[in-house]
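As structure tokens, the structure follows; a few thoughts come after it.
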Amino acid sequence: MAILTILEFPDSRLRKVAEPVTEVDAALRNLATDMLETMYGAPGVGLAATQVNVHRRLVVIDVSDARDQPLVLINPEIAVLDDTPRDYDEGCLSVPGFYEKVARPERIRVQALDLDGNPFTLEPDGLLSICIQHEVDHLDGKLFVDYLSPLKRQRIRQKLAKLQRATA
């Protein structure tokens, strides 16, 4: 297992759209394991492959309090079941230290493959639903800051750039 480097906003590689996974193999399972270790170590509740500069449709999530219920989604596809928006304070490992309210549908259906390549369907709500939508956005080259006003987004960009220069 390895801790992977997480890309940070405004890195342009975060805007790349991920390609579908064509084969669930040992290399993909190893990547998922490394992503889980990276996510837990960060610490976070979700991580998309795009965030570690691997542009394949793979997401890992664990919203459990005990951090013992990892969920791996390969080629996730979302359908909205109730488009009534609900505000959640969202943060992101690629936008460290910032939390903002984002309105998303609370109930969705997600279809994906598991680590054995078997299809499955979930109908999560609450935090898991929000987390899945957030991570799938990453696969589509979108970040939670894209839901914010241009002024807020620019302020976050400037603060992160200043921090990155200070630590470089």
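Some notes on this structure:
- Positive end of the dipole of the range 47-88 (Cβ unit charges, origin at the Cα centre): among L81, V63, L47, the Cα lying farthest that way belongs to L47.
- Excluding ligands, DNA and RNA, the accessible surface per residue across the chain is 52 Å² with a 1.4 Å probe.
- Within the range 123-155: backbone nitrogen closer than 20 Å to the D114 label point (7 Å, Cα to C-beta): 123-125, 128-129, 132
- Modelled label reach - D11, point 7 Å along Cα→Cβ, the range 41-73 residues with backbone N closer than 15 Å: 42, 47-56
- Only DSSP H runs of four or more residues enter the estimate; each adds -39500 (n - 2.57), and after division by the residues of the chain the mean residue ellipticity at 222 nm equals -9500 deg cm²/dmol.
- When you filter the GluC sites (Glu not before Pro) in the range 1-107 for DSSP loop state and at most 14 other Cβ atoms inside 10 Å of their Cβ, you are left with E23.
- Fraction of antiparallel bridges per DSSP, the chain only, in percent to nearest 5: 95
- Per-pair calculated FRET efficiency, R0 = 41 Å: L163 and D82 via Cβ, rounded to 0.05: 0.60
- In the assembled protein chains, C131 presents an accessible area of approximately 10 Å² (probe radius 1.4 Å).
The values are calculated or read from the model by the stated rules, or taken from the named source; none is laboratory data. This one's a predicted model, so the numbers in the text were calculated from it and none came from an experiment. Methodologically, a virtual Cβ is constructed for each residue, glycine included, from the backbone with ideal geometry; neighbour enumeration extends over all protein chains shown. These area figures cover heavy atoms from the full protein model, side chains too; ligands, DNA and RNA do not enter into them. Shrake-Rupley method; radii C 1.70, N 1.55, O 1.52, S 1.80 Å.
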